[in-house]
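Structure first, commentary second.
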Amino acid sequence: MSVLQQSRINVMTPWLGADEVAAVTAVIESGWVAQGPKVAEFESAFAQAMQTTEAVAVSNCTTALHLALVVAGIGPGDDVVVPSFSFIATSNAPTYVGARPVFADVDAQTGNVTAETVSAALTPETRAVIVVDQGGIPVDLDAVRAVCEPLGIVVIEDAACGAGSTYKGRPVGAGAELAAWSFHPRKILTTGEGGMLTTSNPKWAARARALREHAMSISAADRHASLVSPPEEYAEIGYNFRMTDLQAAVGIVQLSKLPEVVGRRRVNAARYRREIEDIRGLRLVDDPEWGTSNFQSLWVEVDASYPLDREQLLVALADAGISARRGIMAAHRHAPYRHLASEGTLPVTERLTDRTLILPLFHTLTTADQDRVIAVLRNPGG
Ligand SMILES: *Cc1c(COP(=O)(O)O)cnc(C)c1O
């Protein structure tokens with residue numbers, strides 16, 4: 001069938017509607033659009049939903065990771081263990097603070113680092129580890145912390161993909177000293193761009209709040225609130241990593257929809273599983289024993305017993321108007337990090353990067369559209 005005869009199926013479609021429009025309109029009408037009361041309201045709602053004590057809203061998850069490393073005291077001369085199997089921001093954050101990323105391999109079932117792969121990557125200079133809930137699959141955080149904490153190594157959770165996933169019965173990130181979240185439209189909640197840093201440490205939260213706003217002693221919102229504001233001071237070099245109230249207003253609405261969005265995604269993921277689990281050569285990612293995934297990226301591994309390889313299957317899907325995506329990248333294959341790990345040294349990462357693709361999955365995916373995807377997977381020759 002020709003693409004012209006059927007609508008395109010995207011890999012992801014954000015769920016935005018009249019409630020978000022009304023929330024943004026109200027902020028515009030209030031006359032205060034930069035970081036202010038809506039950001040504060042979003043922070044407390046997010047902290048409560050994620051069962052953490054402190055939430056600091058920032059411009060995106062990349063800046064949240066950067067701040068996490070700064071408040072944890074990571075800098076030049078330090079090593080930070082990260083998975084290469086992640087969006088490149090996970091590796092860039094240590095680089096921004098002058099530290100060196102050191103790559104740990106991942107587990108083939110989850111796509112996440114484990115206590116074993118992290119242990120194998122530790123160096124005498126390791127001061128931090130960034131673990132990722134890759135594609136929404138919860139990482140086994142406690143196992144990694146048990147290895148790191150006796151050595152004084154801080155574990156930061158990159159929960160960019162993780163909103164709505166659970167670990168041991170609580171939201172992912174709830175048990176982390178520091179966790180970083182993304183509200184990019186490719187993730188589960190969106191504010192257009194946006195991020196959050198959550199932490200159990202009030203001192204780190206206070207420093208992150210100051211650093212996101214140039215380390216100013218008085219916030220812009222407080223300065224605006226007083227007619228004659230006291231002179232501000234700058235205790236150190238900070239950043240402009242602020243979120244706007246326009247974004248936060250959208251985030252508050254999106255957060256209220258999170259349980260429904262994740263519930264719907266899990267129903268759709270379960271249907272994919274039922275329909276394709278008997279296909280030889282395809283393996284669909286699944287919940288680990290310690291938690292549940294929001295399936296932010298529902299990936300399937302295409303192995304040699306399937307009639308097509310991953311690239312050919314992507315083309316077959318595209319021919320049917322379906323926009324699947326290559327799986328997660330490997331940072332050590334890209335120019336800034338090639339010198340840190342040679343090909344062949346991260347075998348599971350390389351295998352998953354070469355053989356996986358991400359299936360269309362979103363809240364409003366219809367059964368009919370899902371059937372079109374399943375039909376191609378079952379009969380890729382058409
Ligand atoms: C998307 C993503 C990021 C970056 O998020 P931004 O909000 O776009 O900066 C970081 N880490 C992981 C694992 C991601 O998937």
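The values are calculated or read from the model by the stated rules, or taken from the named source; none is laboratory data. Just so we're clear, the structure is a prediction, and the values are computed from it rather than from any experiment. Positions of Cβ are backbone-derived with ideal geometry, glycine not excepted, and every protein chain shown enters the neighbour counts.
Looking only at residues in segment 81-98 that are more than 14 Å from the ligand (Cβ to nearest atom) and surrounded by 20 or more Cβ atoms within 10 Å (Cβ to Cβ), which one is nearest to Arg127 (Cα to Cα)?
Checking each candidate, the answer is Val81.
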Hey, among the residues in segment 150-182 that are part of a loop (DSSP other than H, G, I, E, B) and farther than 21 Å from Thr292 by Cβ, which one's nearest to the chain's Cα centre (by Cα)?
Glu177
Hey, any hits in segment 119-136 for a residue that's within 30 Å of Val302 (Cβ to Cβ), away from the ligand (no atom under 11 Å from the Cβ) and in contact (Cβ under 8 Å) with a residue 60 or more places away in the chain?
no
When the residues of segment 221-258 are narrowed to those that are more than 19 Å from the chain's Cα centre (by Cα), of a type in the set (D, E, K, R) and in a loop (DSSP other than H, G, I, E, B), which ends up modelled with the lowest pLDDT?
Glu232
All conditions in (1) within 14 Å of the ligand (Cβ to nearest atom); (2) touching a Ser or Thr at 6+ places or on another chain (Cβ under 7 Å) are true of Gly162 except (2)
State yes or no: is Arg170 of a type in the set (D, E, K, R), closer than 18 Å to Met243 by Cβ and in contact (Cβ under 8 Å) with a residue 24 or more places away in the chain?
no
Please determine, by comparing only the residues of segment 180-209 that are under 17 Å from Gln296 (Cβ atoms) and among the polar types (S, T, N, Q), which one is surrounded by the fewest Cβ atoms within 10 Å (Cβ to Cβ).
Thr190
Report yes if some residue within segment 9-19 is part of a helix (DSSP H, G or I) and at negative phi; otherwise report no.
yes
For segment 122-129, state whether one or more residues are at pLDDT 95 or above, crowded, with 20+ Cβ neighbours inside 10 Å, of a type outside the set (Val, Ile, Thr) and not in a strand (DSSP E or B).
no
Answer yes or no as to whether Gln296 is under 16 Å from Leu357 (Cα atoms), polar (S, T, N, Q) and surrounded by fewer than 17 Cβ atoms within 10 Å (Cβ to Cβ).
no
Given the conditions (1) touching a strand residue (DSSP E or B) at 6+ places or on another chain (Cβ under 6 Å); (2) within 16 Å of the ligand (Cβ to nearest atom), every one holds for Gly194 apart from (1)
Just to be sure I understand the filter: pairs with C-beta atoms under 6 Å, separated by 6 or more residues or on different chains, first member in segment 53-73 and polar (S, T, N, Q), second member away from the ligand (no atom under 12 Å from the Cβ). Which pairs pass?
Thr53/Ser200
For segment 265-296, give me each residue that is touching a residue at least 12 places away in the same chain (Cβ under 8 Å) and more than 19 Å from the chain's Cα centre (by Cα).
Asn268, Arg271, Tyr272, Arg273, Glu275, Ile276, Ile279, Arg280, Gly281, Leu282, Arg283, Leu284
Evaluate the following for Gln296: is it touching a Cys at 6+ places or on another chain (Cβ under 7 Å) and within 16 Å of the ligand (Cβ to nearest atom)?
yes
Would it be correct to say that Pro94 is touching a residue at least 24 places away in the same chain (Cβ under 8 Å) and assigned to a helix (DSSP H, G or I)?
yes
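Quick check, is Ser219 closer than 19 Å to Ile252 by Cα and in contact (Cβ under 8 Å) with a residue 60 or more places away in the chain?
no
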